[in-house]
Every structure is written in structure tokens, then in C-alpha cells.
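Notes follow the structure.
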Amino acid sequence: MKRLLIFLGMLSVLVGHGEETQWRSDAFAIWPVKTDFPLQTSVVSWSDWLVFMNAHSREPGVRAIINEMTGSGIRQLWWRTFGGGHCLYSSQVDGVTTGNYAGQGADFSKFNSLKEAVNFGHKLGLTVYAWYTPMEEAHGWADNVRSRYTDMHPEMSDIDQAGKVLNVPSLFYETYRKYKLDLAIEMLECGPDGIVIDFERLGAPPRRNNWGYIPALLEEYEKVHGKGGKPQPNDPDFMRFRANFVGMLMRDIAAEAKKRGKRFMIMFPHTALLTAHTDIETWNKEGFVDDFYMTCGWPFDSVTQELLERYRQKLGRRILPIQYGFFGTVPELIAQGQKLASWGVEDITWFETTYLHGRDKYAIPTTLACTPQCEMVSPTELDFSGGGELSVYSSAEWVLRYGDAVLGQGKPGQVVKLKVPAQAAKGRLSIAAKLPPNALAAGVGLQGVAISQSGERTNVATDGTWTSGEGAVKTTGLMGIPPFLAPLDEKGDL
Amino acid sequence: MKTSLSVITALVLFAGISSHAARYRAHDPAWRGVWIWQRTEGAMTAATVDMGLYIVKHPGAWGESLINRMAGNAMAAGVDQFYVRLADQKGHLLYPAADDARVLRFNNWGVDFATYDYPLAWMKLANRTGVSVTFTGSQKDIDDFKVRYPLAKTALLDAEPAGAFGPDAVNSEEAEKKNLVNHALTIVRDFELKAAPTKASLCVTAGGYYELYVNDNQVGMDADWMRGETYDVAPLLKAGSNRITFIVTPEKGMAGTEKAHPGLLFNMNIQVPGGRMEFMDSDLACRIVGKDGQLVKPCITGFEGAGPRFRLKEPFRNNRSVLDEGKFKELTVAVAECDGAALTEEAKALLEGKASLTVDGKKTVVIPLAKPICLYEVRIQGAAAGVACRLVELRDGQESLVAAPFAGREEPPVAVTNELNLPFTPVKVKELRVELAPMPGRKETVKQIQLMKVKED
């Protein structure tokens, strides 16, 4: 044992001249994700991170959010594109209002956060969807993050049953639908894997069944259905008729998505399949929706399960539940996730990352998704006959081997730089690692160089091509970004 | 009175406002006024700042948001002196330094202190709010820094006050207990009017609960700090001396708040006969009535939007609507509004954005206006690297500093940017002089100078 420690001590001497001072862009944190557990998704409202967290801003802000999220085993994200009536990326669509918090130095018109999220998410192997809330022109209350489109187009205002002009445009109008479609197209052009349309968020004031009493709409309804006057708000025919104007937009967005090979999803509240704004059964029959997500209450219980089953039977397809609210301890929430898995749910969506981050609840998806310990092996044999240099950082305890020889070991949160002595034979690197209890992230990152006897240098780095018997090895982050921020410069640790 | 205005500017620029027909940027223009409150005796008013340490401890923050969050939280606790370190604890430089190898960067993360000009952002903040910013470092680092920012205030690390907050963040809620008084305050603003106004509106909000009086007449009250109120105060103002009084009581658990945040914030637009507008904001010109009736100076505790603590809701804006590009153009001073006979071709081209003015050494651009115009912002576009600027007014041939953004500053700030916006409390000018001076050894190309005006009724 003593000899081993001396050997390890010799190996752990910091390399000198020529050492790398930055993590390379091909060095990823990796970890096996359980293959028998559902996919985990989280939505990201960047504006919330900006305001309530660490003033996350521009590329460093976006990358820190996504890296942190990925580190916990979440593999799919919905990136928020609108906060109420304010666009959260640098939209070029005429009529759009872009978010701008002057005192916070956050001008959303100057940065395409969606594109950055897509590019960075894809680099980590994530599926990234644009999360679009087309029914909102304000959020929470009428004057909060209100769009200017609303003010500039009173001629398209919706009208309620009592004849009140609501100062919110109606999708009855083709011009307004075209504006909303242009935004969706612009989002799709940013390269996401698809788009999720949110019908949980209906604006402020929220669009209700007693909306849509626009004289021209009523006239059209009378022409089609022969019913004059003012139909009742909950008249199914009248609801379906009004929802069809929203449906026109949905079909157009879905067609644009399909054209680009992207997925089209709809998220709806569990309260009803048919409203004046949504006609889930019809849209389902038409077949243009790739997946339906249903917002449920909290916690998931027998009522949720019954609802899911009822809608599953009614629509003849899977319905993915979304929890709304984030209450309970880490063990309770882990138990909820396990319960969903036991129901056969294939995609657990967390609302949202700010809650996971703010309460250190990343332990929930990490525990659910990631194996507690693992051994990961490099994809090819490496030639260290002339020695080499390696840097390792992990959120777990780890031991690095080359064949049977131990090259080094480390504790969570420490950078270890190794000088690898010349090895007689080619071999694979392997990392055995074990997460501490309630780990907030799972990952081991390694980079360095293998030097052959002839002096040929081969870059070595952990990435998704490594394998493990415990699960599917995934990139759980890019090194050099929190939670895998570990500077390699000459001064070592933080 | 002959009023002319001179903006002396040394620059760096670039940019170009894209002009689409109808896109809107929320909260533009930014609104006016700072939060004010009273400090306790013996308060700690200084904070040291190590941005390298901050972004490691608070990952994700970057750009102007980082500055505003750090400063906003510190100011909320009564801090008004910032000692900003040029290097982190390991000697990495925290600005776009000539010694590029020493600049702090985390490549994969996108953190690169060579790509964002933090000294500029700090100085813009200082201009906007009146806080003091001193850059600290070793003598060698200061010497190098001065090449790029010759007019910036600097000091050796030893000069940082003992016991100052920082260097990564100020726990404002904790610090404000020590630094800010926690009892009701009477805050007054005295001013003179030559004539009774034809219009006057006052927007106000306060941490806790406020009562507003204009010349001893009660006007209104409210307890929700997140939303401001706008009052028509014209009938209560008169020719001669006027006093606006706010009685502010810090209370907890009022509507819309989880807890009260001490502070008062207002801005006021006054139109006098003849159409002239006058503007008055909450700032250091306000006074707090002390126990013995003596008037004491307040301290600045924040500015709108500097973190969750001062994020106001929509209704509390300037009396200017959100601008689309068309409206934005309407508020940009056009060539036709200048004194054509005195306007040079060069100045005309700059106003129209058709210039490509190479500046090598100091260069002054004179913009004479056909009649006095009330300006609220100067925007300079171009491609360049360094700018020193100050705003002065010429009165009777004598230069003097005018109101915000540079009022009360001993020396002009220096900045480096690719786009320069200089917002200030609106002031009427007859002639604008823009003096451009790139950093030593640099040539700069200026493409456009935009003067933004207040649209008067």
C-alpha cells in the first residue's frame, strides 16, 4: 500500500512546461444514464435565471444553465422564447416587442439566446425544443411584460360575451395568425429539434371561453352553423368553431416544423380537451401533433393517474404528464419521479430549472437518472509508450486506470494533473467513479495527451464514445463550465 | 439665455441601429431617477470588487448584468464607493488589457475579460448614478491600465478602505441593517419655477409606504413598491418656491412585497408656459429632514432594475412610451432641425449616419441647432476603441458641468466600447459640441452621432 501511495504521489506531480491551461472544447464530463428510467426534461426560463438567480447573461449565462442542467442527467430541454408579450431572443419579426430590462443590463434584442441554447445543447447531445407561448401578450397581470402589438392593433381586439373589448388580439384575424406564425418560423430557423406550444399560459387576463364574441366571427359562425345571436360560451359547436382559428395557426406551425424535419408538440391543461382556444381531440385526429403534454396538479397521485389514463384512452395515444408546482423534500420528489416511471411514463418534465437550482434540487434528477457508480472505458486503445499527461476533474470519487495499472485517483471537486509514465503496451483508459450521496451533478472529465515512443501525440478526452456496462454513457457537461468549472492554469484550484 | 451644450467625447465605436419598420424594445428609453434613503452614522460605504471571484462564486453572471447586479445589491445597502480590482487573486487581468496572456478567460464557458469592457460598464454606472468607482491594482497594472483608460480614477490596492464589503458580493439585506436607517423619513425637494406650470406629472414609488405632499397639499399615498403611481401635480405648483415632500415609512409585508425595501424613487416632468419642459428626478439634490430640522443629504440605494430588489413593474416608466423604430427616428434630431447655415458637411454626414470620420487625435464636431431642443441622450456609433466623455453646458461663455450623467464628477470617465449611449436627465441645448478623442496611439472611425430629443407637447 505504501508503495502504491508513493507511486501515486510521483504520478500526481504537476506537469511543467507545455501543460494545457484551458479545458479543450472536446473534453466533456461523462456519466452513464440509466437505460431503464424515463427521459427527463426541464423547461428553462432564462429570464427567471437573469432576474432571480445570478444575473445569468449572454453566452456564459446560457451555458452555465444548460451545463448545470445536463450535469444532473436531464437530456431534453424546452427553451422559453417569450415571457408574456416580450420576446426573449433577438427576434426580427415585424411587430415584436423584445424584452429589455434596462437596469439589469439585459437587452434581449441584442442576443439570440435561443440559437445559443440550441447550439450549446446540441453540443452536449441534448434534445432542444423551442417553448412557445403564442396565447400570451402579457403574463401574470395585464400590464406585466405586455406586448406593444396589443396596443398597436386595437382593431384586432377580442371581445367577450358581454361585449367588452379585451385589448388582446384574437387569432380570428389572419394578420395576427401570420404574425404568430412568423415568430414560430423564426424559432424553427434557429435550429431546435422541435417546438412546444403551451396552452397552459393563456395570457393576462387569460383567454376564456366567454371570449370570441367578435361580430365578424359570429356572422361567420351563423353562416356555417346556422345559429344566430350569441351562442353560449360552452356550446361545444361554438367552442370548436372558435378553437379552429387557433387550430389554423397550429396546423401552419406544424407544417413548417415538418418541412424542416422538426417535431411539433402541444402542452395543454388537464381541465378540458375542448375550449374556445383548444380542440385537442380534433387536432389529435388530424395527426399533426407529435406529442401531447398535459399539465397536472401536484403531487402525482391516483387522480393524476386516472386523468392520464382517461385521456390516453380518449386520444388513443400516450399523454405525457407535467407536474405543476415543486413542493416536497428531495426524497419525496424522487419518490414522485419513481412513481411516474412505474406508471410507464416515458418523459418526466420538470417545471423548471430555476426550482431545481434554487433549492439545490438537482439531486432529484441526478439520483433518478444517473447510476450511483460506474466504470467507463475509452473507446480505443491508446499508446502511452512515450508517456503522457492527463488532467481529471469529477463530481465523484474516481480511480483512473490504464489496463490494470492505477494512474491516479481523486475526490469530488479537485483537479488532478497526472504525468503518465511510459507504458509498455497499448491499452484503454478506464475510470471507476462513485457519486457522493445526493450529488447535484454526475460527471467525470478528462483531457490530455498520449505520447508514443516515436513522439507522436494523440489527444485524449472523455466524450460520449466512452462505454460503460452500467448504462448509456452521456455527455453530462462541457468541462470548464459550472458545475465542471475547474481551471487548469498554473495556480490550480479555485 | 443663450444655452449651448458641449459633449466632449473621446471615442470608440461601432454599431448601427438596424431599422425595421415595427419592432419594439421594451423599456426603451430607460427611465430616470435613483433610489434614495438615509445612511446611519458610521455606515460602511465602500466595497471592493473582484469580478473574477464573483463569477466563480455566482456563475452565469456576465456583461452589464453582472455589473448592475453587483453594484445594485451593494448600493441597496448604502454603498457608494467601489474599489474595482484590475486583477483577480491569481493575477489574471479583468479587462481587455494589452497583456492579453494575463487576461482571465474560461474558453468553453464564453467567459473572456478581453471581450467585454468592464471598466466602461463601471464608468457608465458611475455616470448614471453618481457613485464613485476607483480601479485598484499594483503600480505596474495601474500604469498599463492608464494607457488604455487615461482618465480613470485609480489607486493602489493598499488604498482600499479597511473593513470594506466584498470582494465578491455584498449581502445587501444584512448590510443594510447596519448601513441604513430603519425609521420613517421626511424627504423634500425644493425648487423654483419662474411661472406656474401648464402641465406637471410626478411618478413615484417607495419602499414601504409613502405619503406625497406638494406645497403642503396631500396628493397621494401607496405601499406597493413594485408599482409606481403617476400624479398630475400641475394645479399645486406655483411660480416661485415649491417644495415636494415625501413621508416614507418602511413597513413589512405590504401589498406586492414580501418585505419592505427602504427607499424613495420619483421623476417629474414639468411644462411651463411657452412649452418648455423641465425635469426633476430623485437624486442627491433631495434632502432629508433631520431631527433638528436640519436638511441632510440622502444616499443612493439603487436604480431601477438592479436585481430583484428594484425591479419595478411596467406602469412606472418615464412619461415616454416604448419606442418602435419609427418613433425612435422621430425622436432623433434631424438635419432639418439644425442651423443649416452653420452646419458643416461633416456634421451633417454624422447626423445622417453617412459619415466615415477618421479621428486621429482630438476632433470637435459642432452641431448648431435652429432652435433650442431638449435632449435626453446622445448616441455615438462607429468603429473604435476608447472614449472619454463629459457633458458640459456653456453659460455666458463659461463651461460648467450640467446635470446627469456627469454632474458632480471631478473628472470625466473614460470608456472603451463599440457603441456608446449617453443618457442623461433631459436638458435644453442650442448648440452641441462633440469632441472626439481616441485613446493614445489609436485611430478611430466614427460613423454616426445621434441626438435623442424629448418630444414636447
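A compact table of results
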{"read-out": "Helix A:174-189 axis, angle to chain A major axis (alpha carbon atoms, nearest 10°)", "value": "10 degrees"}
{"read-out": "FRET efficiency for A:Glu281 and B:Glu173, using Cβ-Cβ distance with R0 set to 45 Å, rounded to 0.05", "value": "0.30"}
{"read-out": "DSSP bridge pairs, segment A:37-369: antiparallel proportion in percent, nearest 5", "value": "20 percent"}
{"read-out": "Span from the segment A:297-373 Cα centroid across to the segment B:45-99 one, whole angstrom", "value": "39 Å"}
{"read-out": "A:Thr465, B:Thr45 arranged by Cβ crowding within 10 Å, fewest neighbours leading", "value": "A:Thr465, B:Thr45"}
{"read-out": "Lysine pair count for segment B:180-310 [Cα-Cα under 29 Å; pairs on different chains or 8 or more apart]", "value": "10"}
{"read-out": "Rounded to 5, the percent of DSSP beta bridges in segment B:38-178 classed as antiparallel", "value": "20 percent"}
{"read-out": "Segment A:Asp94-A:Lys314, length gained on full extension (0.36 nm per residue, minus Cα span)", "value": "75.2 nm"}
{"read-out": "Filtered GluC sites (Glu not before Pro), segment A:407-493: DSSP coil and at most 16 other beta carbons within 10 Å", "value": "A:Glu456, A:Glu490"}
{"read-out": "Averaged over A:91-101, number of beta-carbon atoms from partner chains that fall within 10 Å", "value": "5"}
{"read-out": "C-alpha long axis of helix A:215-225 to longest principal axis of chain A, angle in °", "value": "80 degrees"}
{"read-out": "Segment A:37-369: relative contact order as a whole-number percent, Cα under 8 Å and 6+ apart", "value": "19 percent"}
{"read-out": "Loop-resident sites, segment B:178-258, for GluC sites (Glu not before Pro), counting at most 15 other Cβ within 10 Å (DSSP)", "value": "B:Glu251, B:Glu258"}
{"read-out": "For A:140-150, mean number of other protein chain Cβ atoms within 10 Å", "value": "3"}
{"read-out": "Cα long-axis angle, helix A:236-259 against chain A (0 to 90 degrees, to the nearest 10)", "value": "40 degrees"}
{"read-out": "Segment B:38-178, relative contact order in percent, only Cα pairs under 8 angstrom and at least six apart counted", "value": "35 percent"}
{"read-out": "Aspartates and glutamates whose Cα lies under 18 Å from that of A:Lys223, excluding same-chain neighbours fewer than 8 positions away", "value": "A:Asp235, A:Asp237"}
{"read-out": "Length-normalised contact order for segment A:78-140 - Cα pairs under 8 Å, 6+ apart - percent", "value": "42 percent"}
{"read-out": "Gained length - B:Gln218 relative to B:Ser201, 0.36 nm times residue gap less alpha-carbon distance", "value": "4.6 nm"}
{"read-out": "At R0 = 41 Å, FRET efficiency that the Cβ-Cβ distance of B:Glu192 and B:Ala342 yields, to 0.05", "value": "0.80"}
{"read-out": "Pairs from A:Lys262/B:Lys57; A:Lys411/B:Lys57; A:Lys34/A:Lys115; A:Lys164/A:Lys285; A:Lys178/B:Lys453 whose Cα-Cα separation, in the structure shown, is over 27 Å", "value": "A:Lys262/B:Lys57; A:Lys34/A:Lys115; A:Lys164/A:Lys285; A:Lys178/B:Lys453"}
{"read-out": "Set B:Lys153/B:Lys177; A:Lys474/B:Lys90; B:Lys363/B:Lys447; B:Lys124/B:Lys354; B:Lys153/B:Lys363; B:Lys329/B:Lys354 screened for pairs whose C-alpha atoms are more than 22 Å apart", "value": "B:Lys153/B:Lys177; A:Lys474/B:Lys90; B:Lys124/B:Lys354; B:Lys153/B:Lys363"}
{"read-out": "Modelled FRET efficiency - R0 30 Å, A:Asp151 with A:His122, Cβ distances, 0.05 increments", "value": "0.20"}
{"read-out": "Likely footprinting exposure, A:Cys87, B:Cys374, B:Cys203, B:Cys286, fewest C-beta neighbours within 10 Å first", "value": "B:Cys374, B:Cys286, B:Cys203, A:Cys87"}
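FYI, it's all coordinate maths here, none of it is from the lab. All values derive from a computational prediction rather than experimental measurement. FYI the Cβ positions are ideal-geometry reconstructions off the backbone, even for glycines, and counts take in every protein chain you see.
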